[in-house]
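The values are calculated or read from the model by the stated rules, or taken from the named source; none is laboratory data. Since the structure is predicted, the reported quantities are computational estimates derived from the model, not experimental observations. Here Cβ is always computed from backbone atoms with ideal geometry, including for glycine, and neighbour counts include all displayed protein chains. SASA here: full protein model, heavy atoms, side chains in, ligands and nucleic acids out. Shrake-Rupley method; radii C 1.70, N 1.55, O 1.52, S 1.80 Å.
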Amino acid sequence: NRIMKKKGKKKKKQICRETEACVERFDHFCPWVGNVVGLRNHKYFVAFTIGASVVALEVFVSSILVGTSAKLSEELKAHERAMALILASYTAVIMLAVGGLMCYHADLIAQNESTNERLKGVFAVRANPYDEGVLTNCYNFWCLPTRKSYVSSDNKHDDVPLPLLPHGQP
């Protein structure tokens, strides 16, 4: 972890090995979204895991109800009920995986810690200087506005993605 000092506050940044990008408050590289998760998009990544968990839960519950409902048993064929229960099993696995990821990030947010710091054990031997308490950490994560990009010179097109260039091109 490289640390820069700006206006008396330490800001964490790191170079991502996968993308070779310098990322402020680097969390991890996510192969699901094919991007680095850091300061400016961590909130959206966590919202993605929450949404995926909710959808998986809804499909799981719906599949269980369809597969086991006595009222629907007369209307559905046996193979249709079996498919609903197979879908329920599949979504249970997805729900556990994505739900576990969501809970893991909720814990990280509560402690104001990144995945990278947790995996490297940065604060295992010393207190986390960035931890301001659960409520303040959660408020800061979810409620404070995300700062504008350093890359866009006028910041008018902040949400427009930059084109990806092959390695070695400027």
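Observations, loosely collected:
- Number of positions in region 21-46 that are out of contact with any helix residue (DSSP H, G or I) (no Cβ under 9 Å at 6 or more places or on another chain) and of a type in the set (A, V, I, L, M, F, W, C): 6
- Among the candidates E132, E74, E113, residue that is of a type in the set (D, E), touching a Phe, Trp or Tyr at 6+ places or on another chain (Cβ under 8 Å) and either over 27 Å from T49 (Cβ atoms) or at pLDDT 75 or above (or both): E113
- Complete set of residues in region 92-124 that are closer than 25 Å to I64 by Cβ and either of a type in the set (A, V, I, L, M) or open to solvent by 20 Å² or more (accessible area, probe 1.4 Å) (or both): A92, V93, I94, M95, L96, A97, V98, G100, L101, M102, C103
- Taken together, the criteria place N140 among residues that are open to solvent by 50 Å² or more (accessible area, probe 1.4 Å) and in contact (Cβ under 8 Å) with a residue 12 or more places away in the chain.
- Some residue of region 158-167 being open to solvent by 50 Å² or more (accessible area, probe 1.4 Å), on the phi < 0 side of the Ramachandran plot and modelled with pLDDT of 95 or more: no
- Of all residue pairs spaced 6 or more apart or on separate chains, those with beta-carbon atoms under 9 Å, a first member in region 62-84 that is closer than 17 Å to M95 by Cβ and a second member that is open to solvent by 80 Å² or more (accessible area, probe 1.4 Å) and of a type in the set (S, T, N, Q) are A84/T68.
- Some residue of region 52-63 being part of a helix (DSSP H, G or I), at pLDDT below 90, farther than 30 Å from K148 by Cα and open to solvent by 80 Å² or more (accessible area, probe 1.4 Å): no
- The residue list A92, A88, A97 contains one member that is more than 30 Å from K13 (Cβ to Cβ) and within 20 Å of the chain's Cα centre (by Cα), which is A92.
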